[in-house]
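Reading through the structure tokens given below for one structure.
The values are calculated or read from the model by the stated rules, or taken from the named source; none is laboratory data. Quick caveat: nothing in here was measured; it's all calculated off a predicted structure. Counting neighbours? That spans all protein chains shown, and the Cβs are built from the backbone with ideal geometry, glycine included.
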């Protein structure tokens with residue numbers, strides 16, 4: 001322990017703490033993809049977590065959800081209207097997600113990222129994109145601001 005630069009500051013007789021595991025030495029291959037889940041349900045959810053690959057995660061409370069619009073025939077998209085933002089979701093096989101959101105039992109939704117997730121089966125839900133539009137464009141960090149739109153006056 002002669003090469004320990006902090007040795008002179010340690011108490012005499014103090015036990016050395018066990019070495020921390022190296023996070024870069026992960027178990028398993030680094031290229032392993034995680035299974036994809038478009039959504040997760042539970043008995044009753046207070047809010048809906050919206051996980052996006054290219055944007056921040058939002059967690060609006062269900063009590064602020066006042067409309068769910070969706071294509072009833074194909075279930076390839078739906079829109080969630082909250083009092084302060086609109087969430088536009090596009091994908092395929094979204095009927096289970098829409099039903100769980102309408103029952104307020106959907107805990108989260110997340111978009112698919114081929115770099116991170118295994119591709120789901122053709123009959124499984126797949127969310128291709130989630131776009132969050134803040135209704136108050138003056139809110140710092142809104143996606144409209146990031147797109148270069150001027151703030152509302």
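What is the number of the single condition among (1) in contact (Cβ under 8 Å) with a residue 12 or more places away in the chain; (2) farther than 15 Å from residue 40 by Cα; (3) in a loop (DSSP other than H, G, I, E, B) that residue 73 does not meet?
(1)
Go through (1) modelled with pLDDT under 95; (2) within 25 Å of residue 121 (Cβ to Cβ); (3) in a loop (DSSP other than H, G, I, E, B) for residue 17 and report which single condition fails.
With (1) modelled with pLDDT under 95; (2) within 25 Å of residue 121 (Cβ to Cβ); (3) in a loop (DSSP other than H, G, I, E, B) applied to residue 17, the lone miss is (2).
Just wondering, is there one or more residues in region 89-101 that are buried (at least 18 other Cβ atoms within 10 Å of the Cβ) and in contact (Cβ under 8 Å) with a residue 60 or more places away in the chain?
Looking for residues that are buried (at least 18 other Cβ atoms within 10 Å of the Cβ) and in contact (Cβ under 8 Å) with a residue 60 or more places away in the chain, one finds at least one in region 89-101, hence yes.
So how many residues does region 20-48 have that are out of contact with any helix residue (DSSP H, G or I) (no Cβ under 7 Å at 6 or more places or on another chain) and either at pLDDT 70 or above or under 30 Å from residue 63 (Cα atoms) (or both)? Show your work before the answer.
From region 20-48, those out of contact with any helix residue (DSSP H, G or I) (no Cβ under 7 Å at 6 or more places or on another chain) are 20-37, 40, 42-44; that's our starting set.
Among the residues that remain, those that are also either at pLDDT 70 or above or under 30 Å from residue 63 (Cα atoms) (or both) are: 32-37, 40, 42-44.
The total comes to 10.
Taking region 121-153, which residues are at pLDDT 95 or above, assigned to a loop (DSSP other than H, G, I, E, B) and buried (at least 16 other Cβ atoms within 10 Å of the Cβ)?
The one that is at pLDDT 95 or above, assigned to a loop (DSSP other than H, G, I, E, B) and buried (at least 16 other Cβ atoms within 10 Å of the Cβ): 125.
Identify all residues within region 85-119 that are farther than 18 Å from residue 129 by Cβ and either in a loop (DSSP other than H, G, I, E, B) or touching a helix residue (DSSP H, G or I) at 6+ places or on another chain (Cβ under 7 Å) (or both); write none if there are none.
Hits for region 85-119 are 103, 104, 105, 118.
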